[in-house]
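Trainee: Can you read through this structure? Questions will come right after.
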Amino acid sequence: MTGDARGKDPILGSLRSADGKGVVRIEDRFDTDIDDLWSALTDPGRLSRWHGQVEGDLRPGGQFRLYLASADWEGTGHVEVCEPPRHLRVTTRESDESWRKGRGAPPFDETIEVTLTVDGNQTVLVIEVLGLPLDSIAFYGAGWQIHAENLAAHLAGRERGAVEARWDELVPAYQDLAAHVE
């Protein structure tokens, strides 16, 4: 992540709608090569250090389970596309049990599309998350930005930031963005 050079509290995301559902797009640059970034996104051991625990078959067509401790979120997923080191598409769905103990939207299918592109000595990451409830899109935008920031911390060898404090900083900016989504 180019991080500190961008200034205080940069917004990495944009919000839009498609087919009546919300879409969050996060884009950032990382000071690492494409293979290292791909590994951080797809290796279960590395993924658990910045995002969540993943178990299962991570090949195209495979099924997996995902647990995000920071959100106490548990669900399942399906690998739709896996083209190392440039393109990954998975669909996830929160379990009914997880949803009942939380306070979010009822379970829905969320498609996460990741593309990586080399740009000089950096790698550009684009994450598009599709199928989100429009009435909650600001919160998903803030959450996905926090995931991207946690990835940057992992790549830099730092600990994750304070999620609750960062959430409180980001939500108002994403609410402003969400006000313009139809």
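Trainee: Name the residues in region 128-144 that are within 12 Å of TRP167 (Cβ to Cβ) and touching a helix residue (DSSP H, G or I) at 6+ places or on another chain (Cβ under 6 Å), would you?
Mentor: Hits for region 128-144 are ALA138, GLY141, ALA142.
Trainee: Select from region 124-146 the residues that are β-branched (Val, Ile, Thr) and either in a helix (DSSP H, G or I) or more than 22 Å from ALA105 (Cα to Cα) (or both) and write down the one among them that is nearest to the chain's Cα centre (by Cα). Steps first, answer last, please.
Mentor: As a first pass, look at region 124-146 and keep what is β-branched (Val, Ile, Thr): 124, 126-127, 129, 137, 146.
Those still in the list that are either in a helix (DSSP H, G or I) or more than 22 Å from ALA105 (Cα to Cα) (or both) too: 124, 126, 137, 146.
Numbers: VAL124: 14, VAL126: 10, ILE137: 13, ILE146: 8 Å.
Among them, the one singled out is ILE146.
Trainee: Next up: Give ALA153, ALA138, ALA173 a once-over and let me know the one that is over 26 Å from ASP19 (Cβ atoms) and either crowded, with 17+ Cβ neighbours inside 10 Å or not aromatic (Phe, Trp, Tyr) (or both).
Mentor: On the way: ALA138 fails: over 26 Å from ASP19 (Cβ atoms); ALA173 fails: over 26 Å from ASP19 (Cβ atoms).
Exactly one residue qualifies, and that residue is ALA153.
Trainee: Another question about this same structure. Looking at VAL54, VAL81 in this structure, which one is part of a strand (DSSP E or B), at pLDDT 95 or above, among the hydrophobic types (A, V, I, L, M, F, W, C) and surrounded by 14 or more Cβ atoms within 10 Å (Cβ to Cβ)?
Mentor: On the way: VAL81 fails: surrounded by 14 or more Cβ atoms within 10 Å (Cβ to Cβ).
Answer to the check: VAL54.
Trainee: Being without any contact (Cβ under 8 Å) to a residue 24 or more places away in the chain and either under 20 Å from PHE30 (Cβ atoms) or not charged (D, E, K, R) (or both): is that true of GLY104 here?
Mentor: Numbers: without any contact (Cβ under 8 Å) to a residue 24 or more places away in the chain: no; either under 20 Å from PHE30 (Cβ atoms) or not charged (D, E, K, R) (or both): yes.
Criteria not met by GLY104.
Trainee: In the list THR111, THR32, THR2, which residue meets the criterion of being of a type in the set (Val, Ile, Thr), at pLDDT 95 or above and farther than 22 Å from GLY131 by Cβ?
Mentor: On the way: THR111 fails: farther than 22 Å from GLY131 by Cβ; THR2 fails: at pLDDT 95 or above.
From the options THR111, THR32, THR2, the qualifying one is THR32.
Trainee: Still on this structure: Does any residue of region 147-154 turn out to be part of a loop (DSSP other than H, G, I, E, B) and over 26 Å from PRO107 (Cβ atoms)? Please lay out each step first, then the result.
Mentor: Quick first cut of region 147-154, residues part of a loop (DSSP other than H, G, I, E, B) only: none.
No; the residues of region 147-154 include none that is part of a loop (DSSP other than H, G, I, E, B) and over 26 Å from PRO107 (Cβ atoms).
Trainee: Give GLY62, GLY75 a once-over and let me know the one that is farther than 24 Å from ALA153 by Cα, surrounded by fewer than 15 Cβ atoms within 10 Å (Cβ to Cβ) and of a type outside the set (Val, Ile, Thr). Spell out the reasoning first.
Mentor: On the way: GLY75 fails: surrounded by fewer than 15 Cβ atoms within 10 Å (Cβ to Cβ).
That would be GLY62, the only listed residue that is farther than 24 Å from ALA153 by Cα, surrounded by fewer than 15 Cβ atoms within 10 Å (Cβ to Cβ) and of a type outside the set (Val, Ile, Thr).
Trainee: How many residues does region 155-182 contain that are closer than 14 Å to SER70 by Cα, touching a residue at least 60 places away in the same chain (Cβ under 8 Å) and part of a helix (DSSP H, G or I)?
Mentor: Within region 155-182, the first condition is being closer than 14 Å to SER70 by Cα, and the residues that meet it are 159-167.
Those still in the list that are touching a residue at least 60 places away in the same chain (Cβ under 8 Å) too: 160, 163.
This time we only want the ones that are part of a helix (DSSP H, G or I), so: 163.
Going through region 155-182 one residue at a time, the tally reaches 1.
The values are calculated or read from the model by the stated rules, or taken from the named source; none is laboratory data. Owing to the predicted nature of the structure, the values given are computational and were not obtained by experimental measurement. Glycine also receives a Cβ, built like all others from the backbone with ideal geometry; neighbour counts cover every protein chain displayed.
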